[in-house]
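The values are calculated or read from the model by the stated rules, or taken from the named source; none is laboratory data. Here the structure is a predicted model, which means the values were calculated and not measured. Positions of Cβ are generated from backbone atoms using ideal geometry, with glycine treated the same way; all protein chains shown enter the neighbour counts. Surface accessibility is based on the protein's heavy atoms, side chains included, excluding ligands, DNA and RNA. Shrake-Rupley method; radii C 1.70, N 1.55, O 1.52, S 1.80 Å.
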Amino acid sequence: MTDQQPLYHHYLPAFYQARWCGEDGRLRRFSKPYQDKFVAKWVSPEVSGGEDYLYSDKTAPIASEHAMESRFMSPLDSLASQALSALEASDPAMRHDPRLRSAWSRFLISLMMRMPDHLETLTQGLIEEWARTMPEIGIAYEAQKGPTDPATLGEYLDTLPPDEVRGWMLGVLRILINRARVGEWINNMRWFIRTIEGPSEFLTSDRPIISQYDVGTEGSYILLPIGPKRVFIAVNSLATQRQFENYDPEEWVQALNRMIAGAAVKFVFAKDDNKFAFVKEQFGIEPRETLFDKLVRYRQQKNANPDAL
């Protein structure tokens, strides 16, 4: 029996996009397919923020080709949707049910890793680098390799055709999203939601997370708009929480929207056309370093000068 899940795979989940939808179930999507062309379109979240076959593994058996989407990403997003509803309702389960809290942490991690260009970066070079820094990947290879397979993970990667590399990348991506240490750091942060009064509204995009990535430091934070009027915030200290709570709402929303639209790669999303001119001006003008970009740069520096870091 083959996998019956849709072939359209969301990197920005439908439940998340739907928070910007109007009564007709659509939201406004802005894109810039060419340098001199700016497009605004009403879209359904079911057919937006994704690509056909994005997480498909062409080397897997037919029944498992879309397993990354149907058995990993889709359940992850479904549980994250439940967790977000509990967060907004101040449900005590978010403090006492580790399954829900971990689901939201894993969702945040996934948003730092699951966009199409993230996958390309990982495919083109990060697999081997991660293998060096994450022993579990090498251990997993050694446990699964056959008697005629190359002796080491590095030797194995050198022999792989592109489809095989991508299939391996998807396995690595699953490990990274599930990595317990990062999830525990996020689980242990202070979580709260700030609701904005007045006319200001948040945008979102294919770069919705604003974070320093170094979530273990005292001043670290993770910001994620969860609707036109609300933003999820995770911090490590009460002082940082108070700082975010006390920002002037209108100025703060404007600043976050500049970052979200400025870092966009393919899409920016809004509730309506009120931000049309703003998004057109800001779209993609301030690319933000991704988690994978940061890791590549770090590894390159460390390989060039091992004693400096």
Exercise. Gain in length, E184 to A277, computed as 0.36 nm per residue apart minus the alpha-carbon separation, to one decimal in nm?
Worked result: 29.4 nm
Exercise. Any idea of the accessible area per residue across the chain, 1.4 Å probe, to the nearest Å²?
Worked result: 49
For this session: Please get the size of the charge dipole for the chain, origin at its Cα centre, with Cβ charges of +1 on Lys and Arg and -1 on Asp and Glu, quoted in debye to the nearest 20.
Result: 540
For this session: Mind grabbing the accessible area of D273 for me, 1.4 Å probe, Å², rounded to tens?
Result: 60
Exercise. What is the chain's relative contact order, in percent, from Cα pairs under 8 angstrom and six or more apart in sequence?
Worked result: 19
For this session: Inverting the mean 1/r over all pairs of different Cα atoms, compute the Kirkwood radius of the stretch 46-118 and quote it in Å.
Result: 13.7
Exercise. Can you tell me the Rg and Dmax of the stretch 1-103, counting just the alpha carbons, in angstroms?
Worked result: 16.7, 51
Exercise. Based on the inverse mean of 1/r over its pairs of different Cα atoms, what is the Kirkwood hydrodynamic radius of the chain, in Å?
Worked result: 20.8
Exercise. So what J values fall out for the stretch 39-52 if you push phi through Karplus, 6.51 cos²θ - 1.76 cosθ + 1.60 with θ = phi - 60°, rounded to Hz, Gly and Pro as x?
Worked result: 10, 10, 8, 7, 9, 8, x, 5, 10, 9, x, x, 9, 5
For this session: List every residue whose amide H lies under 5 Å from the amide H of K275, counting only residues 5 or more places away in sequence or on a different chain, with H placed 1.01 Å from N in the peptide plane.
Result: none
Exercise. In terms of the ratio Rg/(2.2 N^0.38 Å) built on C-alpha atoms, what value belongs to the stretch 56-96?
Worked result: 1.68
Problem set entry | Normalised alpha carbon radius of gyration of the stretch 150-232 [divisor 2.2 N^0.38 Å] | 1.60
Exercise. Over the stretch 52-112, what is the relative contact order in whole percent, taking alpha-carbon pairs under 8 Å and six or more residues apart?
Worked result: 25
Problem set entry | Computed E for E155/H96 - FRET, C-beta separation, R0 45 angstrom, nearest 0.05 | 0.45
Exercise. With all protein chains present, how much of the accessible area of the chain (probe radius 1.4 Å) comes from carbon and sulfur, to the nearest whole percent?
Worked result: 49
